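Laboratory data are not the source of any read-out in this text; all were calculated from the coordinates shown. Everything numeric here is computed off the predicted structure, so don't read it as measured data. Note that each Cβ is placed from the backbone with ideal geometry, even for glycine, and that neighbours are counted across all protein chains shown.
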Amino acid sequence: MGEVTLHDISKRFTLRIDGAVHAVQALNRVSFTVNDGEIVALIGPSGCGKTTALRIAMGLEIASGGKVTVDGREVSGCGHDRGMVFQFAELLPWLTALQNVMFGLEMKGMRGAELRATATRYLELVGLADSLNRRPHQLSGGMKQRVGIARALAIDPKVLLMDEPFGALDAQTRETMQAELLELHARTKKTILFVTHDLDEAVLIADRIVVMKHGIVQEIMTVPLKRPRPDLGKVRGTPEFADTRYRVWKALHEPTGTVH
Amino acid sequence: MVDIVDPASARAQTSDEAAKTRRPVPSWVITIGSLIVLLGAWEIFGRDINPVFGSYPSAIAEAGWQLARTGKLWAALLDSLRPFLLGYALAIVIGVPIGLVTGRFRSVEAAIGIYITAGYAMPLVALVPLLVLWLGLGFAVKVAVIFLMAVFPICINTWLGVTAVPKTLIEVGKSFVAPDSVILRRIILPATLPYIMAGIRLAVGRAVVAMVIAEFFTSISGLGAVIITSANNFDTATMFVPIVILMVMAIGLNYLIGAVERWVAPWQAEIAGRDE
C-alpha cells in the first residue's frame, strides 16, 4: 500500500516589505489524495504553492493547518515512508553515485553487504551500472537526476515525491527521463506525487492532474490515457492527449475560483 | 553518434588544438623567476646599505651557515617548533568544532558568537605580559599565545562556512531522517571543508607571528631569542636568519595544508574553476 492524502492543508507566512508586514496565504485548504500506485501531477504557475504543498507532504515544511496522512496514518516531519526527489537532484558532491544512494539507505539503518548490494541494484535499475563510482560533477544533468531517483527509490518508500525533477534538464533529456520514469513506475508500482509546470509532462505521465492557482486547488482532472504508455511520441499524437492538454491549459487560464 | 570523420577536417582540427593547447609556462618556473628577480635585486642594492641598517641574501646565508654549524640554530628551531605545533594543533582541534556548532545552532551563535568576533580582534600583544604572569615564562605561555592567535581565524572561517552550506543539502539529510549529529558530521562538515582549510591556512601566518611575540616577551629561547640577541648586538645579518626561516616555514606549511586539502577534499579542486 502507498496512499498519501493532504487534508485541508493551509500555509500562512508573513513577509516584511519596507517595514510593512504582509500576511501571505500560500496554501488555502488544499485537499487531494494520491491513490496506491497512482501518479498524480501537481501543476500550476510559479508561486501557486505547488512546491510548498509537496514540501509539506514530505515534512520539510510545517503546515499552518490541516494534516497529511500516509495510508491513513497522520505523519509529522520526514519519514522513510516518503522518498523525496529534489529539483536539482541535490547529490552530496563529495560522495560517489553509489555512496549517495548508500547514504539514504544508511539513514534507514541498513548496514554491511546488503547496503552496497541494494544501492548497486537501484543504480542499475536507473541505468547507471557503469557510473557507480563517479562523483556528481562527473555526471550529466540527466544522470544526476537518475541518481536522485535511485536514492529515493532505494529506501523503498510508500510514496515518491518529486519536485520538478526534470525542470532543469534540456528538452531531449527530459523526454528520455519521462519515458524512463513511466518504465520505473510500471516495474515498481510506486505511488508518485509529481510537481511540474510543464503541461505536456503532466498529461504524458500522470493518471490525474491537480491544477493549483493562488494556493487553492482549482480542479482535479483524470487523464483518459491508458497504461502502459511505452511510446510517448505516439501518445502525443492521440486526440485524448490533445484534449486533456487543452482542458488543463483552460483550467490554468480561467479566473481563480470558477470550478466547473 | 557520428563515427565518420572527414580526414582533412580532422587534421585541421588537431593542428588547431595544438595551437590552442600550447603548454603554458609551469607555475613553479614563474615562482622561481620571481624569486631570482627579487633576491638578485636585494643582493645588488642591499650591499650599498650600512650592515647595521640592513643586510643582503649572501650575508644572511653566511650568518645562517655560522648559526647552523654551531648548532645554535637547530636548538632554537626546536625550542620554537614544539610550542608552535602544539598551539597550532590545539587551535585546529578546538576551533573547528566550536565554529561548526556556532554556525549550526542559532542559540550557540547568540551565546558565544560575540566572543569569537571580539577574540579575533583582541590585541593579544598587550595581553602577553598578563599571560606571562599566569603561566610563567616557559613552554606553556608560548603554547597559549600561539593558540589564542590561531584559534579565532579557524573558528570564524568554520562558522562562516557553515552558514554558507546550501539549505537544500541539509534538507537531503532531513528528508532521509538523518539525526542532527549525522547532518553535522556527514553533510555540514564536508560542505564546510574548503572554508575550514582556508581558516587553517590563515592561521599559519598568525601562529608564526604569535610564536615570535611570545619569544620576545619570554626571550629565553627559540628563534625569537636569536632575533633579539642579534638585534641587540647590531648583527643584522644574523637577525635576518630566523626571520627568513620563519617565512620559508610558513610557505612550506601552506603547501603542506594545500596538499592535505586536496587529499581530504579532492572534489573541491575538481569543481573549482580557475583561469590560467
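Looking at B:S107, B:S80, B:S34, B:S58, which is the one that is assigned to a helix (DSSP H, G or I) and under 20 Å from the mean Cα position of the chain (by Cα)?
Just one listed residue meets the conditions, B:S80.
Identify, from the list B:V208, B:V212, B:V162, B:V151, the residue that is within 30 Å of A:I155 (Cα to Cα), assigned to a helix (DSSP H, G or I), away from chain A (no Cβ under 14 Å) and in contact with a helix residue (DSSP H, G or I) (Cβ under 7 Å, 6 or more places away or on another chain).
B:V162
Conditions (1) surrounded by fewer than 22 Cβ atoms within 10 Å (Cβ to Cβ); (2) free of Cβ contacts under 8 Å to residues at least 24 places away in the same chain; (3) assigned to a helix (DSSP H, G or I), marked per residue:
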{"position": "B:N157", "(1), (2), (3)": "no, no, yes"}
{"position": "B:E171", "(1), (2), (3)": "yes, yes, yes"}
{"position": "B:L184", "(1), (2), (3)": "yes, no, yes"}
{"position": "B:I227", "(1), (2), (3)": "no, yes, yes"}
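If a residue must be crowded, with 20+ Cβ neighbours inside 10 Å and under 22 Å from the mean Cα position of the chain (by Cα), how many such residues does the range A:83-97 contain?
9
When you check B:V244 against the structure, is it assigned to a helix (DSSP H, G or I) and either in contact with a Ser or Thr (Cβ under 7 Å, 6 or more places away or on another chain) or over 19 Å from B:S80 (Cα atoms) (or both), yes or no?
no
Give the residues of the range A:36-82 that are within 23 Å of A:T222 (Cα to Cα) and aliphatic (A, V, I, L, M), sorted by residue number.
Scanning the range A:36-82 gives A:I39, A:V40, A:A41, A:L42, A:I43, A:A53, A:L54, A:A57, A:V68, A:V70.
What's the number of the only condition in (1) in contact (Cβ under 8 Å) with a residue 24 or more places away in the chain; (2) aromatic (F, W, Y); (3) over 24 Å from B:L85 (Cα atoms) that B:W267 fails to meet?
(1)
Which number in (1) aliphatic (A, V, I, L, M); (2) farther than 21 Å from B:G205 by Cα; (3) in a helix (DSSP H, G or I) marks the one condition that B:I49 misses?
Among (1) aliphatic (A, V, I, L, M); (2) farther than 21 Å from B:G205 by Cα; (3) in a helix (DSSP H, G or I), B:I49 violates only (3).
Taking the conditions exactly as written (touching a Ser or Thr at 6+ places or on another chain (Cβ under 6 Å) and either surrounded by 13 or more Cβ atoms within 10 Å (Cβ to Cβ) or not hydrophobic (A, V, I, L, M, F, W, C) (or both)), does A:V70 satisfy them or not?
For A:V70, the condition - touching a Ser or Thr at 6+ places or on another chain (Cβ under 6 Å) and either surrounded by 13 or more Cβ atoms within 10 Å (Cβ to Cβ) or not hydrophobic (A, V, I, L, M, F, W, C) (or both) - is not met.
Looking only at the range A:65-90, filter to residues that are closer than 15 Å to A:I155 by Cβ and touching a residue at least 40 places away in the same chain (Cβ under 8 Å); which one of those is farthest from the other protein chains (Cβ to nearest Cβ)?
A:V70
Sort through A:L98, A:L15 and tell me the only one that's in contact with a helix residue (DSSP H, G or I) (Cβ under 7 Å, 6 or more places away or on another chain) and without any contact (Cβ under 8 Å) to a residue 60 or more places away in the chain.
When all the criteria are applied, what remains is A:L98.
Let me spell it out: the conditions are (1) buried (at least 17 other Cβ atoms within 10 Å of the Cβ); (2) in a loop (DSSP other than H, G, I, E, B), and A:R227 meets all of them except one. Which number is the exception?
With (1) buried (at least 17 other Cβ atoms within 10 Å of the Cβ); (2) in a loop (DSSP other than H, G, I, E, B) applied to A:R227, the lone miss is (1).
Taking the range B:167-190, which residues are under 27 Å from the mean Cα position of the chain (by Cα) and more than 8 Å from every other protein chain (Cβ to nearest Cβ)?
B:L184, B:R185, B:I188, B:L189
Which residues, taken from the range B:67-91, are surrounded by fewer than 18 Cβ atoms within 10 Å (Cβ to Cβ), farther than 24 Å from B:L35 by Cα and touching a helix residue (DSSP H, G or I) at 6+ places or on another chain (Cβ under 8 Å)?
Those that are surrounded by fewer than 18 Cβ atoms within 10 Å (Cβ to Cβ), farther than 24 Å from B:L35 by Cα and touching a helix residue (DSSP H, G or I) at 6+ places or on another chain (Cβ under 8 Å): B:K72, B:W74, B:R82, B:L86, B:L90.
Within the range B:87-101, is even one residue within 14 Å of chain A (Cβ to nearest Cβ), hydrophobic (A, V, I, L, M, F, W, C), part of a helix (DSSP H, G or I) and closer than 30 Å to A:M84 by Cα?
no
A:A113 is checked against (1) crowded, with 20+ Cβ neighbours inside 10 Å; (2) away from every other protein chain (no Cβ under 11 Å) and fails just one. What number does that condition carry?
A:A113 satisfies all of (1) crowded, with 20+ Cβ neighbours inside 10 Å; (2) away from every other protein chain (no Cβ under 11 Å) except (1).
Go through the residues of the range B:105-123 one by one and say whether even a single one is under 18 Å from B:V212 (Cβ atoms), small (G, A, S) and either touching a Lys or Arg at 6+ places or on another chain (Cβ under 9 Å) or surrounded by 15 or more Cβ atoms within 10 Å (Cβ to Cβ) (or both).
Scanning the range B:105-123, I find no residue that is under 18 Å from B:V212 (Cβ atoms), small (G, A, S) and either touching a Lys or Arg at 6+ places or on another chain (Cβ under 9 Å) or surrounded by 15 or more Cβ atoms within 10 Å (Cβ to Cβ) (or both), so the answer is no.
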